[in-house]
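Written below as structure tokens is the structure these notes are about.
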Amino acid sequence: MVLLSFINPLSEEGQEIVKEKGDLESVFSSNDELIYIVTHDKRQNIDDDSLIPESYGDLAIKRIQWYIERKNNKDFNNDDYSYLFNEEITEADVISFHLISQAIATKLNPNSREARFFVESQGKIIEERLVKLPEQERKEIVNRILNQLIFQENINWKFLKELVASKKISLTDLVLDEGNIILDKEDFINRFGDKFKDRAPDRMYEIIIGDSIKELILTKMIMQNTENYLQKIREMSSKIEVHPAISELSEKIAQSISELTSKYSGFYGVGGSEGSMKIGKLIKEAFPPCIATTVEGVSSGGRNDAIVLLLTSFVSYARLYPAIFRNEGVDVKVSDIDPNLTITLNEILPLIYEAADNCSPPLFDDQPQEKINITSKLGFGMYENPELDHEGETTWYTPMSCEKIKMHLPQLCRPDKLCAKIGNPLSYYSRAKWLMEKEGKSANSINSNNNSNGDSKNNNNQ
Ligand code: SF4
């Protein structure tokens, strides 16, 4: 039977392994036992030495690499990381899990993109490990781990409220009765057996609940516990000195993630027929009329919404993630593209603040709290300035569509010819940049030619 810690490295068994065998002096030392397991895995590709983790630290980095490669590389080969699904690797894997946790929590931060990749990779590793287990063993281990994670007989849905609040699980994924989550087959049949007239209740249990809900809860709970574990280490880390090996590991993890996210930059800014969907400097000359007008300052009604809702989302996505609408469903945060917030603090916010100052009256003069709302719309919670520690407390607000702008801020919409071909200002911006590049026109001439309504105010300011 596979060890519980192969699925849940935070189990007591996992903690014992770390106590016994986790030695910070040997994080990057060559580990013969690990190399032996990896190179003797039947499916593992051993043609390329760089695929073989030689130390616990190396394994820690490769765990996250596997996740990013698997998600983005269309030529991904499972056999390059086959060892990750070999139960013989459990001890080394548990140690590497705890090393990553320390490296991220102490030197990076629990809300960083590194933390997010780590937690997501842990969820995917669990899913794939479970799939590869023989059916009976899979059922048994899921039940044993769930018994450890959930000790009450009647599990009230509030027990999973952290998972629901963090959107890891939806209440619609669960079967509830009187507020209790129904997972057990006997319990299900007792409660609902007489409600099924034409079908056998145990068959209905397999269809409605089966093993999939249990595995979903188990996976999401371990992901949530991993996040909580990072927070706990973070809180404790102020009282202890970080070991140099952990500092080195955190640098290597951050570097590896940066290299991989650059390699798969299509994920962060898809090219396509309009090649200018890539991340790039802001080109004001390609702003659509509604945005150009807002940058000049809004004096009439709608001032606050124009700056906080329209401009903040437009400028941040135009600068960092113009492919948002092509990659719908992909969860991206500002720090995924701007890890140190250099662009956010030096390019995006200054433009928004300048526009706020151009308003009449200047926005922050009478409504200084709107700075907090701008931070919030970038996804950094309710604070005056964006800080990585608070990222994820609110959601990065997506750009408004033309339809919404016309409805809520009609005074800003002064469409030109290009507006006829698009549905939101971000598409206008990408198309205008693309046309500028394609036709080799100067920035101003593009807008002059497109601006059919001869809005001199816009032209003068571009
Ligand atoms: S049509 Fe859309 S992009 Fe053009 S000015 Fe109106 S709101 Fe802006």
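Quick one: how many residues across segment 74-90 are open to solvent by less than 90 Å² (accessible area, probe 1.4 Å) and either among the aliphatic types (A, V, I, L, M) or free of Cβ contacts under 8 Å to residues at least 12 places away in the same chain (or both)?
So the count comes out to 3.
Determine if segment 33-44 includes at least one residue that is free of Cβ contacts under 8 Å to residues at least 12 places away in the same chain, in contact with a helix residue (DSSP H, G or I) (Cβ under 6 Å, 6 or more places away or on another chain) and open to solvent by 50 Å² or more (accessible area, probe 1.4 Å).
No; the residues of segment 33-44 include none that is free of Cβ contacts under 8 Å to residues at least 12 places away in the same chain, in contact with a helix residue (DSSP H, G or I) (Cβ under 6 Å, 6 or more places away or on another chain) and open to solvent by 50 Å² or more (accessible area, probe 1.4 Å).
So which residues in segment 387-401 are within 16 Å of the ligand (Cβ to nearest atom) and either in contact (Cβ under 8 Å) with a residue 60 or more places away in the chain or open to solvent by 70 Å² or more (accessible area, probe 1.4 Å) (or both)?
Within segment 387-401, T398, P399, M400 meet the criteria.
Show the residue pairs meeting these rules: Cβ distance below 9 Å; 6+ apart or different chains; first residue within segment 229-241 and under 14 Å from V119 (Cβ atoms) and among the small types (G, A, S); second residue part of a helix (DSSP H, G or I) and open to solvent by less than 100 Å² (accessible area, probe 1.4 Å).
From segment 229-241, no pairs qualify.
Check segment 181-189 and report whether any residue there is within 31 Å of the chain's Cα centre (by Cα) and under 20 Å from I126 (Cα atoms).
First, pick out the residues of segment 181-189 that are within 31 Å of the chain's Cα centre (by Cα): 181-183.
Filter once more, keeping what is under 20 Å from I126 (Cα atoms): 183.
Yes: one or more hits.
Residues that are open to solvent by less than 50 Å² (accessible area, probe 1.4 Å), small (G, A, S), closer than 30 Å to R116 by Cβ and not assigned by TED's automatic domain parsing to the domain that holds N111: does segment 184-207 have at least one?
no
Which residues, taken from segment 323-350, are open to solvent by 20 Å² or more (accessible area, probe 1.4 Å), touching a helix residue (DSSP H, G or I) at 6+ places or on another chain (Cβ under 9 Å) and part of a helix (DSSP H, G or I)?
Passing the criteria: I337, I343, E347.
Please give the number of the condition K21 fails out of (1) surrounded by fewer than 16 Cβ atoms within 10 Å (Cβ to Cβ); (2) without any contact (Cβ under 8 Å) to a residue 40 or more places away in the chain; (3) in contact with an Asp or Glu (Cβ under 7 Å, 6 or more places away or on another chain).
Only one criterion in (1) surrounded by fewer than 16 Cβ atoms within 10 Å (Cβ to Cβ); (2) without any contact (Cβ under 8 Å) to a residue 40 or more places away in the chain; (3) in contact with an Asp or Glu (Cβ under 7 Å, 6 or more places away or on another chain) is unmet by K21, namely (2).
Of everything in segment 257-279, what is in contact with a Lys or Arg (Cβ under 9 Å, 6 or more places away or on another chain) and either charged (D, E, K, R) or at pLDDT 90 or above (or both)? Give them in sequence order.
Within segment 257-279, E274 is the sole residue that qualifies.
The values are calculated or read from the model by the stated rules, or taken from the named source; none is laboratory data. Computed from a predicted structure; not experimentally measured. All Cβ positions, even for glycine, are placed from backbone atoms using ideal geometry, and neighbour counts span all protein chains on display. These area figures cover heavy atoms from the full protein model, side chains too; ligands, DNA and RNA do not enter into them. Shrake-Rupley method; radii C 1.70, N 1.55, O 1.52, S 1.80 Å.
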